[in-house]
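Chemist: So that we are looking at the same thing, I have put the structure below in structure tokens.
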Amino acid sequence: MTALRVTTAAESAARDQAAIAAGVPSFELMRNAGSASAALILREYSDRLAHGVALYVGSGNNGGDAYIVAAQLARAGVSVRMQITAAPRTADALRAKSIADSYGAYSAPTGHERVVVDGLLGTGHRGALRDGIAAACARMAVARHAGATIVALDLPSGLDASTGEIADGSVAAHDTLCFGTIKRGVLLARAHAGRVVLLDIGLPHGDEGDERDDGAVGDDGAHGDEGAHGDDHAWRLASAGALARWVPRVAWDAHKGRRGRVIVVGGQEGMAGAVVLASRGALAAGAGVVHALVEAPSVAAVQGQVPQAIAESWSARDTLRRCHAMAIGPGLGRDGSSALLLRELFTALEGQAVVLDADALWLIAMAAREDGMDAASWLRRWMSATSTVVCTPHVGEFAQLLGHDVPLAWDARVDAVRAFAVRAGVTMLLKGTPTVVVAPQGRDTMVVPYGTPLLATGGSGDLLTGFLVALMGQGMPPVRAAICAATVHGRAAELATARLGGVRGGTLEQLLQAVPEAWRTVERPERLPPNVLAYLVAPQ
């Protein structure tokens, strides 16, 4: 399986309907969802089941899932108690209730249960909570405050599956068990969803097909597709198996020339630190040789802090022809000399892979305005010597490229990223929560949901640039390189934050120390339990 799906409410419903139309009974999907959820509770919360499990059950299919959970837990000998807010109103939910009823009558929760299952509302809900649901959520909130673990089925009740908006009274989950696809709202409201577990419920998916020349993931093998060539605007999340296959292997007899020769250009006087961090990032991602091209006064500073790098002044242009990939922008500056250097570098390109970041993006926006062009068209004209370009803006830098504010709504934001990528002919990596990656052809919106606020500090983006230029220097296609670099960046932050017990007090030094382990999680992913497709750790 190459990609997992991140869906809106409508996209999720369409996949369910497509599965049903293809011959999968709707009740089978419900039974699979409830059974997989119960299995996870039994496996991962066995030490919290002595006082039983409380289930809060709605009238729709989410409630039907909860009835199956109740039946499976009761079958395993767990004491089950249910708060039913209304009678089942779908045929599948009514059937699920009859199965749960076959294990006996269920009393109301006592408040002593250490595991509470939220099965009130599913993906079809939007807006405020109704009285009965609000009252049930209030009781779950009391249980959470008393130390109970909240397990939400598909998404926390009151969380909009598409937008991530949270209704007043919605209870934050410790675990959200997503069925078949990760709901977009869950990804946009991670703090409310807690740990996200994607469960396989039997949605059909196509066989893996040929991978595209541009390195995009493609549609084939995407879990929950309507078929091998099904397509919509659902976001994609690279599976652990895909990431492991993409990362270039370092041969046992490799020498530094075979591990990629890269250049980082930036480091105007007083801003050598950005190139230092990018160079350290490139080395941590396995680059064989790192050249740092900086303004002359910064050479000594870079050489002193990264002795493994070859520090040279901006005038040393012969190095450009010997590199496999180049990163331009960290600490480059935004004055006339930096702008002139940028144009000269673009003129000298001879097919090298290029990462454009930080000040390079500001200079591009400024140059485009001076030339009376939009930034995307300006980039396409000036980058014609290479077809391998990745731009890595944060939201502020992207606004500069657009010439206006970045839309707040995620659909509009992703549309803006896609339009810029197509118009400029570049791969776009928009940093954020989540990070978005789009290929020059505009196909497949890939998302990278890993990371913590440890990344929200100056210099973090320079490390990402270093990871990315190293992978591109080793021959990775730009989309895959962007996804892998952002994944390692985010997972290193998660590991470092877990070790520290929080974000405050952490620095980029702790992040770098966690990078080797982050690479291992990508190269050798852990074997997942049955019916589990992915885990996303709870935000710290």
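Each value in this text was obtained by applying a stated rule to the coordinates, not by laboratory testing. Just so we're clear, the structure is a prediction, and the values are computed from it rather than from any experiment. Cβ: placed from backbone, ideal geometry, glycine included. Neighbour counts: every protein chain shown.
Chemist: Please give the FRET efficiency for residue 42 paired with residue 408, using the beta carbon to beta carbon distance and R0 = 30 Å, rounded to the nearest 0.05.
Modeler: Numbers: r = 41 Å, r/R0 = 1.38.
Efficiency computed from Cβ-Cβ geometry: 0.15.
Chemist: Find the eigenvalues of the gyration tensor of the Cα atoms of the chain, then list the square roots of 5 times those eigenvalues as equivalent ellipsoid semi-axes, largest first, in whole angstrom.
Modeler: In descending order, the three semi-axes are 47, 23, 21 Å.
Chemist: Magnitude of the Cβ-charge dipole of the chain, K/R +1 and D/E -1, about the Cα centre, nearest 20 debye? If you can, show how the numbers build up before the last one.
Modeler: Values: 48 positive and 53 negative charges, 202 e Å.
Here the chain has a charge dipole of around 980 debye.
Chemist: Which one, 106, 93, 161, is farthest towards the positive end of the dipole of the stretch 25-202 when Lys and Arg carry +1 and Asp and Glu -1 on their Cβ?
Modeler: Farthest along the dipole direction, towards plus: 106.
Chemist: Moving to a separate point now. May I ask you to compute the full-extension gain from residue 395 to residue 457, defined as 0.36 nm times their residue separation minus their alpha-carbon distance, rounded to one decimal in nm?
Modeler: 20.9 nm
Chemist: Under the rule of at least 5 residues apart or a separate chain, name every residue whose amide H is placed under 5 Å from the amide H of residue 122.
Modeler: Long-range HN contacts for residue 122: 62.
Chemist: Hey, got the dipole for the stretch 226-316? About the Cα centre, +1 on K and R Cβ, -1 on D and E Cβ, debye to the nearest 20?
Modeler: 460
Chemist: Would you please give the residues with an amide H less than 5 Å from that of residue 129, counting only those at least 5 places away or on a separate chain, with H modeled from the backbone geometry?
Modeler: Here the answer is 168, since their amide H atoms fall under 5 Å of that of residue 129.
Chemist: Rounded to whole Hz and in sequence order, give me ³J(HN,Hα) for the stretch 358-373 from the Karplus expression 6.51 cos²θ - 1.76 cosθ + 1.60, θ = phi - 60°, writing x for Gly and Pro.
Modeler: 6, 5, 4, 5, 4, 5, 4, 4, 5, 5, 4, 5, 4, 8, x, 10
Chemist: So in the chain, what percent of DSSP beta bridges are antiparallel if you round to the nearest 5?
Modeler: Close to 25 percent.
Chemist: Could you pull out every residue, at least 5 positions away or on a different chain, whose amide H is within less than 5 Å of the one on residue 238? Hs are placed 1.01 Å off N in the peptide plane, and Pro or chain starts have none.
Modeler: 4, 447
Chemist: Applying the Karplus parametrisation 6.51 cos²θ - 1.76 cosθ + 1.60 with θ = phi - 60° to the phi angles of the stretch 423-435, what ³J(HN,Hα) value in whole Hz is obtained for each residue in order, glycine and proline being reported as x?
Modeler: My calculation for the stretch 423-435 gives 5, 8, x, 10, 7, 10, 10, 8, 5, x, 10, x, 6 Hz in order.
Chemist: For the chain, build the charge dipole from Cβ charges (+1 Lys, Arg; -1 Asp, Glu) around the Cα centre, then report which of 263, 447, 117 sits farthest towards its positive end.
Modeler: The residue sitting most towards the positive pole is 117.
Chemist: Right, another one. List the residues of the stretch 261-282 whose backbone N lies under 19 Å from a point placed 7 Å from the Cα of residue 344 along the Cα-to-Cβ direction.
Modeler: Only 263-272 pass the distance filter.
Chemist: Antiparallel as a % of all DSSP beta bridges within the stretch 25-202, to the nearest 5? List each step's numbers first, then the result.
Modeler: Values: 1 of 23 bridges.
Bridges in the stretch 25-202 are about 5 percent antiparallel.
Chemist: For the stretch 255-477, what is the percent of antiparallel DSSP beta bridges, rounded to the nearest 5?
Modeler: Rounded to the nearest five, the antiparallel share is 25 percent.
Chemist: Here's something else I'd like to know. Read phi for every residue in the stretch 302-308 and hand back ³J(HN,Hα) as whole Hz from Karplus 6.51 cos²θ - 1.76 cosθ + 1.60, θ = phi - 60°, with x for Gly and Pro.
Modeler: Couplings: 5, 4, x, 8, 10, x, 6 Hz.
Chemist: Here's something else I'd like to know. Relative to the Cα centre, what is the charge dipole magnitude of the stretch 25-202, using +1 at the beta carbon of each Lys and Arg, -1 at the beta carbon of each Asp and Glu, and rounding to the nearest 20 debye?
Modeler: 120
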